[in-house]
Each structure stands twice: as structure tokens, then as C-alpha cells.
1. Identify, from the list A:279, A:322, A:228, the residue that is modelled with pLDDT under 95, touching a helix residue (DSSP H, G or I) at 6+ places or on another chain (Cβ under 8 Å) and not aliphatic (A, V, I, L, M).
2. Write out, first by first residue and then by second, each pair whose Cβ atoms fall under 6 Å of each other, whose residues are 6+ apart or on separate chains, and whose first residue, in the range A:303-323, is in contact (Cβ under 8 Å) with a residue 12 or more places away in the chain while the second is assigned to a helix (DSSP H, G or I) and surrounded by 14 or more Cβ atoms within 10 Å (Cβ to Cβ).
3. Look through A:74, A:79 and report the one residue that is without any contact (Cβ under 8 Å) to a residue 60 or more places away in the chain and surrounded by 16 or more Cβ atoms within 10 Å (Cβ to Cβ).
4. For the range A:264-282, what are the residues that are of a type in the set (A, V, I, L, M), farther than 27 Å from residue B:113 by Cβ and not in a strand (DSSP E or B)?
5. Report whether or not residue B:4 is acidic (Asp, Glu) and within 14 Å of chain A (Cβ to nearest Cβ).
6. Look at the range B:247-263 and say how many of its residues are buried (at least 24 other Cβ atoms within 10 Å of the Cβ), among the small types (Gly, Ala, Ser) and either at the interface with chain A (Cβ under 8 Å from one of its Cβ atoms) or not in a strand (DSSP E or B) (or both).
7. Any chance the range A:135-143 includes a residue that's assigned by TED's automatic domain parsing to the domain that holds residue A:185, in a loop (DSSP other than H, G, I, E, B) and either touching a residue at least 60 places away in the same chain (Cβ under 8 Å) or touching a Gly at 6+ places or on another chain (Cβ under 8 Å) (or both)?
8. For residue B:121, indicate whether it is among the hydrophobic types (A, V, I, L, M, F, W, C), assigned to a helix (DSSP H, G or I) and over 20 Å from the mean Cα position of the chain (by Cα).
2 protein chains.
Amino acid sequence: MRLDDLVTPALVVDASAFEHNLTTMAAALPGERLRPHVKAHKCTAIAARQAAVGHSGFTCATVRECEGLAAAGLGGDLLLANEVLDTRRLGVLVAAGHRVTLCVDSPATVEAAVAGGVREVVIDVNVGLPRCGCPPQEAGALAELAASKGLDVRGVQGYEGHVVGLEDAADRTAKCAESMELLREAHRAVGGELMTAGGTGTYAINTWATEIQAGTYILMDSAYGRLELPFRQAVYVLATVISTSAAGWSVADAGLKAFGMDHGNPALEGSSVWFCSDEHLTFSPPRPVGERVLVTPAHLDPTVAYHERMHVADLSSGEILETWPVDLRGW
Amino acid sequence: MRLDDLVTPALVVDASAFEHNLTTMAAALPGERLRPHVKAHKCTAIAARQAAVGHSGFTCATVRECEGLAAAGLGGDLLLANEVLDTRRLGVLVAAGHRVTLCVDSPATVEAAVAGGVREVVIDVNVGLPRCGCPPQEAGALAELAASKGLDVRGVQGYEGHVVGLEDAADRTAKCAESMELLREAHRAVGGELMTAGGTGTYAINTWATEIQAGTYILMDSAYGRLELPFRQAVYVLATVISTSAAGWSVADAGLKAFGMDHGNPALEGSSVWFCSDEHLTFSPPRPVGERVLVTPAHLDPTVAYHERMHVADLSSGEILETWPVDLRGW
């Protein structure tokens, strides 16, 4: 099977760039120093490759991601880096022998963890992003509450999500340090072996966290591509030019249902993208009808979530080497 | 089963608003005057309801949508309102007795239709949106080419996609008339029983088209909600508040993988939405952890495409009446 045989739009992985990203990160953050975030790729085949190079623990954003990894034999140490109020499905995983650690940031989420049969938690700490996490100064009391309810508190989480995408490296480094100082304050009060944080944008500069939750590095997108990281663009949406206008534009058959759009339009090398419709990408200058193009997503995670599978290809020969189900979608 | 039992995020349909929209449109554009566009809901259960009130032909954006409707017994008159270069799967549908009419806008797409076994086409005409469609003055020659290759040319399509969302009604009406004058010019040259066009924003003012391709009207979104149409908001993403900060915000568990984001943030009544993350919606003022909220998508079509199913509920009682698979996703 070759790229030319694929129904478009189709998610295509550049095998060479994928291997580069896998080995580059494994060298920089070997073994348990990286806890890959599966929300970026939603694919147990990729998680298995990450485990094979030494990253045996995973970060998840949803219960479904935990269930899918466990079913794939990758449930040895799963961190659900989010608050969950109905934890019964997580309790089922724990009872079946998988290790699931859940974030808590309030008495209500502690109660929820206990109620569903979760046994291990980390205290989620707000380190500057206005999202989940308790204030650093409240982390100790929350850990005591969790312990008093019989939960094992493994440490703290503090995601510097407002920092990971900053394009200025010095700014990113300075703000990462500020965030991690808050997390260290919480960790001093909570204790435990985990101080989990970080992302692709801070994987090399966040030296305070005990483990980094990077996800995007393995496939990349145009947003992180601007940060001068050592990872290569490894995923594209393959599309077919279906219409061309003499007035100066062409249309490819990949649109709003093939790309996460919160970071703006996807990119097509050598072209200016005008806009996306549900199943269309209008761009200039025009290309011939029938030509196939590789379009770079602006934001990986919500792009992958639209696709049922990804095809791993040798882009130089056009040969498809493997096809991986995107099997961690939904909730 | 009740709304409180659902795993969140979950797509929820307000049964009462749905019935209102269904009957309001069926009264305004009865029978074949409406060719509902299934790309908006991607759900054969909804298409069956639309057929039951008299709309027996459907508009599709993808081959998969055609296949799904045909498999559901709704393949009596399908218009694939898009250009397709690999038409073999459509040829299979035609050979099996389903009626599939395909858009063509170039000699290459005419050749593609013939090659795959498609027998009926409409000439797709550009009426102002820089996307697919031939110039109006070239439609006649393209129809002759198609006929010379043995295709049955049923008429013309001209989607005024640059007009349907205009918030000023007078502006929308004037620009719709301009677009339809171009389509009439093409139709005079092409002939045939179909002059297919329109959308939810122009369903009442596009009196030139023989049929209207509206899709969003049945479920609606906040973008079309600004147009003072007689349709009610009928779909929401149900989410759970999982975290609340004393600093003044809350977080619900629905984010970039639950909402199409090209039209901006979704809306939460009585609240200000700050931003979405992959699985989070940060908003103010804060609400209690555990509260469930109904969030209105900004753009229906790419929102539905993220979800596996939708739950039809009586919102006043909280009872779930039916659950419909979103079974027309993918390509």
C-alpha cells in the first residue's frame, strides 16, 4: 500500500521523523524521566513504542485513555493528570491490578477518588495557569485530608501550561522557574516521590520536576515547531486537490473535521492557506487537480482526535509501513 | 437513564427544540424543497426523522456519508455536494441501486465520475465563495462535456457559503440574490431539474433554488443563533465542573476535543468563557464542583464530528429518551 492509495483526508506519520523524535527524547529524558502524555497521539501503538524505549509510565487526560492503555498491557503506572468526579471506571482498573494515580485539588475530588476505589493520588497544584489545581499553600492540608481518607499521596503535579508555548526561550525559562518554585513549595508540604510537570516546550528546561509529561514531541505541530526544539514535524494530513480556479486558488479535501482549529489554520509548505470549510482547504497559489499535498496541523491533539487511524509512511518512497488505530478517542 | 448518569463530556439533544426545528423547517420548505445536509449532524437517526417528515433526498459532503445513508435505507436520492476524484465507492453504491448524484466542476472531475461508475452529476458553479465550482459562463460547456461522456446532468449547484452567515438580514438577502443570479445564468446554459443551493442562513430568502441544502437548522449553534432564525438551540455539550478556584474561575471537563473551535469559544449561559484546553473549559463566575452545565457549541458541524453518540433528552425532567450513534463520521 502506498500514499497514493489512501482515501483522503488521511493522517500520515513520517516514519523517519517519528523515529528521530522517539530517540531524541529518550536520550534527553531517559526511562522514567519522561512520562509521555498520550492525549497528544491517542494511540496505543505509539505508547507501546514509547514503552519499548524505556518510558513505562504514561500520562492520561481521560478515563478512556487509562482504560485503553490498560487493555493494551501498558497499565503499569498511569497518571490521570486531571480531576475526575465519577471514578468508578478507574476503580475497576485498580481492582484489576493496573496502577492508576489520580489528580485531586479539592475535598470533593478527594471524596470522589475514595468513593470509586482509587487508591493513589497526587495533589494537583496551580502554578500559574488559570485551570485546575489548588493554591500551593493549600497543598499540604489537602494531602493530609487525602491520607486521612486512606489514599496514598504520591506527590504533586503542577502543569505550567501557560509557559510551554512561549516562543521566547529566555521568557519560557524564567517563567518555568517561577512556576516550579510554586510546585516545590507545595512539594515541601506534601512530600512523596513525584513532582510531575512539564510539556514539550519545557522538557529541556524544567529541571525541577522529577518527570516530564511531554506528549506533542513525538508527532509535533506547527505551534511547537516555532520553538526551535530538536523534534521534527512527523505528522501531516494528506489531502487531494479537488478543484482549481483560474482566478488563483485551489481547494484540497481536508477541512474543519480533519484539523483542530484553536491554534488557527493548518500550514501547507509553499502555499498561503486562505480558510478551511468543513471538508475543504482553500489555498494559493493553485496546484493541479489530483495533486496530493501534506498539510501540517497547527495543533496536534485536537487534530488526531478527529481521525480513526494514522498511516506510518516512508515519505521518500511513498510506501505505507504500518497503520495504527487512533484507539484512545472519546471519553 | 438520566442526564446525571452520563459520562461527561456528552452531546445532548433537547428533544423539544429538536421537534420544533424539524416541524418548523418542514412547514417552511416541505418535502423535496429541502434536501437536508447531513454533514451538520452526521447521524442516520436524524436523517430518518427528516425523511419521515417528507425530506427524502439528502445532501452529503463525503463518500462515507453517502455510504452510511445508503446502508440505513436512505439512499433514494443522495447529492454529494462536493468534488471527488476517486469515485469507485460511489460507483458501488450506484450499482447496488442507490441514487447518487455527484458534483463536477472541471474536465478532471467529469473523467473521475465516469471512471468510477457514477451516472448522474450536477455542474458545481462558483457563485462567490472562493472554493469549488466552475465560473458560471463555463457551466454549459462542462455540461456538454459530461453529457458527451454518457453522464446524466441533473442541473446545477451553487452554494452561497459566503452569504449564509451574514448577520445583517438585508445584506444577506441582497448578496443571496446576486449569487443566485449567477447560478441562474449557469442553469440557463445547463438545464435540468435541479438548481440546488442554500443553507440554514438563507433557507427563507433563497427563493431561486429548486431545493435548499440546510443542515444546521435541526440542531443549531451559537453562530447561526445570532441570525434571528425561527430555530431553537437544540444541542449542547454536557460537562461537569471539576475544579473551582477562590481566585474566581471554574473548570468544566469539556474542551478542544469536544468542540469545533473555528468559530471561537463555545458559550455557557450566564458565564464568561475564558479559554478551552484539550479537556477543559475555564470560565467565570465560579460554580460548585460537581455541578453539570450545558455548553453551546459555536459551530455545530466540527463539534458533532468529535462525538460517538448524542443523547436525546427531556431537559425539563432530565430523562434521556433515546441515544443516537453519530454514525457518519470519518471518510
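The values are calculated or read from the model by the stated rules, or taken from the named source; none is laboratory data. Note that the structure is predicted; figures quoted are calculated from it, not measured. Methodologically, a virtual Cβ is constructed for each residue, glycine included, from the backbone with ideal geometry; neighbour enumeration extends over all protein chains shown.
1. A:228
2. From the range A:303-323, the pairs are A:312/A:15; A:313/A:3; A:314/A:15; A:318/A:3; A:321/A:15.
3. The unique qualifying residue is A:74.
4. Of the residues in the range A:264-282, the ones of a type in the set (A, V, I, L, M) are A:267-268, A:273, A:281.
If we keep only those that are farther than 27 Å from residue B:113 by Cβ too, we end up with A:267, A:273.
Those that are of a type in the set (A, V, I, L, M), farther than 27 Å from residue B:113 by Cβ and not in a strand (DSSP E or B): none in the range A:264-282.
5. So residue B:4 fits the description; yes.
6. 4
7. Step one: of the range A:135-143, the residues assigned by TED's automatic domain parsing to the domain that holds residue A:185 are A:135-143.
Restricting the remaining residues to those that are in a loop (DSSP other than H, G, I, E, B) gives A:135.
Checking which are either touching a residue at least 60 places away in the same chain (Cβ under 8 Å) or touching a Gly at 6+ places or on another chain (Cβ under 8 Å) (or both) leaves us with none.
The answer is no, given that none of the residues of the range A:135-143 is assigned by TED's automatic domain parsing to the domain that holds residue A:185, in a loop (DSSP other than H, G, I, E, B) and either touching a residue at least 60 places away in the same chain (Cβ under 8 Å) or touching a Gly at 6+ places or on another chain (Cβ under 8 Å) (or both).
8. Spelling it out, it is not the case that residue B:121 is among the hydrophobic types (A, V, I, L, M, F, W, C), assigned to a helix (DSSP H, G or I) and over 20 Å from the mean Cα position of the chain (by Cα).
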